[in-house]
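All remarks here apply to the structure that follows.
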Amino acid sequence: MALLEVKNIYKSFGGVKAIQDFSLAADAGQIHGIIGPNGAGKTTITNLINRFYEIDSGEILMDGVDIRKVGRENLRSNIAMVLQDTHLFTGTIRENIRYGRLDATDAEVEQAAKMASAHSFIMRLENGYDTMIEGDGANLSQGQRQLLNIARAAISKAPVLILDEATSSVDTRTERHIEHGMDRLMADRTTLVIAHRLSTVRNANAIMVLENGEIIERGDHDQLLEQKGRYYELYTGKKQLA
């Protein structure tokens, strides 16, 4: 039984189909990537898994249980998310990381920061983990804010991890640093990676190419290159994601 299973889901908004016959089955520890142009429906998938809105038809199961039979709070406690836009609150770095699991100890906060590759920059700050965050992290760089977001996800212990364009707003050097943290974060979780950059999903167990809410190709990196379809065109630079 897959930890996360999406079965033939459909979703429309105002009569316009956003997701059509989308399916995936991800076992514990597996990484599944979704790529596609803007407006393809990638983020809609994550919103449906979180029940920010409901599917029109089909099923989404977690550990074999239909998520519509689970309270939203309980469902979301089993899903950790790292998004493109980070949101931090006014408080210390320690408090912001602990927001991922409010009963976490100071030692667990620091362990999560180390897992996320955030510990070293935190310790260079004048007050370390007691540094106050101002204005949604205005006193930190975009990369630093994202590392704190990863640490928050790491401390949550949620079995399902969703990375939605988590590195798209940082430069390539910072992206590599962040990816070290994400690699450790993904090690023991079922992970869904929504990506614009193909490098982010290259090592996924399965990659789905989405267009107009529908999967047009599916396979791992090598299989998709062999197909010489849309993924191949994107990877070789013969076509660009819009």
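The values are calculated or read from the model by the stated rules, or taken from the named source; none is laboratory data. The shown structure was predicted, so the numbers you read here are calculated from the model rather than taken from an experiment. All Cβ positions, even for glycine, are placed from backbone atoms using ideal geometry, and neighbour counts span all protein chains on display. Quick note on the areas: whole protein, heavy atoms, side chains included, nothing else; ligands and nucleic acids left out. Shrake-Rupley method; radii C 1.70, N 1.55, O 1.52, S 1.80 Å.
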Exercise. How many residues are in contact (Cβ under 8 Å) with a residue 60 or more places away in the chain and either over 17 Å from the mean Cα position of the chain (by Cα) or over 30 Å from Y231 (Cβ atoms) (or both) if we restrict to the range 40-72?
Worked result: 2
Seminar exercise, completed: Of the conditions (1) among the β-branched types (V, I, T); (2) modelled with pLDDT under 95; (3) open to solvent by 30 Å² or more (accessible area, probe 1.4 Å), the single one that T167 does not satisfy is (3)
Exercise. Is one or more of the residues making up the range 1-13 of a type in the set (D, E), part of a helix (DSSP H, G or I), on the phi < 0 side of the Ramachandran plot and open to solvent by 20 Å² or more (accessible area, probe 1.4 Å)?
Worked result: no
Problem set entry | Odd one out for T200 among (1) at pLDDT below 90; (2) hydroxyl-bearing (S, T, Y); (3) closer than 22 Å to R94 by Cβ; (4) crowded, with 17+ Cβ neighbours inside 10 Å | (3)
Seminar exercise, completed: Contact list, first residue from the range 73-91 and aromatic (F, W, Y), second anywhere and modelled with pLDDT of 90 or more and open to solvent by less than 20 Å² (accessible area, probe 1.4 Å), beta-carbon distance below 7 Å, six or more apart or interchain, is F89/N96
For this session: Could you list, in sequence order, all residues of the range 101-140 that are among the small types (G, A, S), outside any helix (DSSP H, G or I) and free of Cβ contacts under 8 Å to residues at least 12 places away in the same chain?
Result: A138
Problem set entry | Matching residues in the range 138-156 - criterion: being within 23 Å of T190 (Cβ to Cβ), open to solvent by 10 Å² or more (accessible area, probe 1.4 Å) and small (G, A, S) | A154, S156
Exercise. Would you call D103 under 22 Å from R189 (Cα atoms) and among the charged types (D, E, K, R)?
Worked result: yes
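Residues are listed down the side, and each one gets a yes or a no for (1) free of Cβ contacts under 8 Å to residues at least 24 places away in the same chain; (2) part of a strand (DSSP E or B); (3) open to solvent by less than 40 Å² (accessible area, probe 1.4 Å); (4) farther than 20 Å from Q20 by Cα:
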position: I178; (1), (2), (3), (4): no, no, yes, yes
position: L185; (1), (2), (3), (4): no, no, yes, yes
position: T191; (1), (2), (3), (4): no, yes, yes, yes
position: A204; (1), (2), (3), (4): no, no, yes, yes
position: M208; (1), (2), (3), (4): no, yes, yes, no
position: I215; (1), (2), (3), (4): no, yes, yes, no
position: D222; (1), (2), (3), (4): yes, no, no, yes
position: E226; (1), (2), (3), (4): yes, no, no, yes
Exercise. What is the one condition in (1) modelled with pLDDT of 90 or more; (2) part of a loop (DSSP other than H, G, I, E, B) that I34 does not satisfy?
Worked result: (2)
Problem set entry | Those residues of the range 83-111 which are within 20 Å of E134 (Cα to Cα) and open to solvent by less than 60 Å² (accessible area, probe 1.4 Å), in sequence order | T86, L88, G91, T92, I93, R94, N96, I97, R98, G100, V109
For this session: From (1) within 30 Å of N78 (Cβ to Cβ); (2) in contact with a Gly (Cβ under 8 Å, 6 or more places away or on another chain), pick out the condition that doesn't hold for R184.
Result: (2)
Exercise. Do you know which of the residues in the range 58-74 that are farther than 20 Å from I34 by Cβ and not acidic (D, E) is most open to solvent (accessible area, probe 1.4 Å)?
Worked result: K69
For this session: Kindly provide the set of residues from the range 1-27 that are within 17 Å of P159 (Cβ to Cβ) and either out of contact with any Asp or Glu (no Cβ under 8 Å at 6 or more places or on another chain) or among the acidic types (D, E) (or both), ordered by number.
Result: L4, E5, D27
